[in-house]
Structures are given as structure tokens and as C-alpha cells.
Amino acid sequence: SFVKSLPADQESRNIVTTILDLARTLGFKTLAEGVETEDQARFLKASGCRYLQGYLYSKSLPNIDFLSYLDDRQQS
């Protein structure tokens, strides 16, 4: 739910950057779910989040379709 309001909402930005800072300090990798816009993706990447998922990249897919999706991306 924090990602939904990014990057416009200051409170969401503060929460997300704090979570990412804590995760980085503890040596955790982070994954942002629910990324729907390029602005959200840019903010998260600039804040140090390396892994993103959401409708910006693809709708939910059955396993077999997901494997095809990955194959297509690797060939591009």
C-alpha cells in the first residue's frame, strides 16, 4: 500500500525509504510489490530497491505463461 502513493505522497516516501534503509543495514534484499507506474519504479530504484514487480511489468500469469514470458524477455 505504500507503493501505491509513490512518489507524490511524502509520508509514503518516508516510510518506503526508512524500510529500504533498514533492510540495507540488516543486509536484506528488498522487493517492491504493486509497482504500476514508471514514476513509482524510478523512485524505488533511486531509493535502492533492486527488485520490483507489478502491473507495470506484467499482469499475473499462470506458471506456463510466466515461463514463456521469461523466455521472451531473455531473447530480447
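The values are calculated or read from the model by the stated rules, or taken from the named source; none is laboratory data. The structure displayed is predicted, hence computed values, not measured ones. Cβ atoms come from the backbone with ideal geometry, glycine included; neighbour counts cover every protein chain shown. These accessible areas exclude ligands, DNA and RNA; they are computed on the full protein's heavy atoms, side chains included. Shrake-Rupley method; radii C 1.70, N 1.55, O 1.52, S 1.80 Å.
Structure summary
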read-out	value
Where a residue in segment 27-55 is without any contact (Cβ under 8 Å) to a residue 12 or more places away in the chain and its partner, wherever it lies, is open to solvent by 80 Å² or more (accessible area, probe 1.4 Å) and not in a strand (DSSP E or B), with Cβ under 9 Å and at least six apart	28/22
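Yes or no, residue by residue, for (1) outside any loop (DSSP other than H, G, I, E, B); (2) open to solvent by less than 80 Å² (accessible area, probe 1.4 Å):
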{"residue": "8", "(1), (2)": "no, no"}
{"residue": "13", "(1), (2)": "yes, yes"}
{"residue": "27", "(1), (2)": "no, yes"}
{"residue": "35", "(1), (2)": "no, yes"}
{"residue": "61", "(1), (2)": "no, yes"}
{"residue": "66", "(1), (2)": "yes, no"}
{"residue": "73", "(1), (2)": "yes, no"}
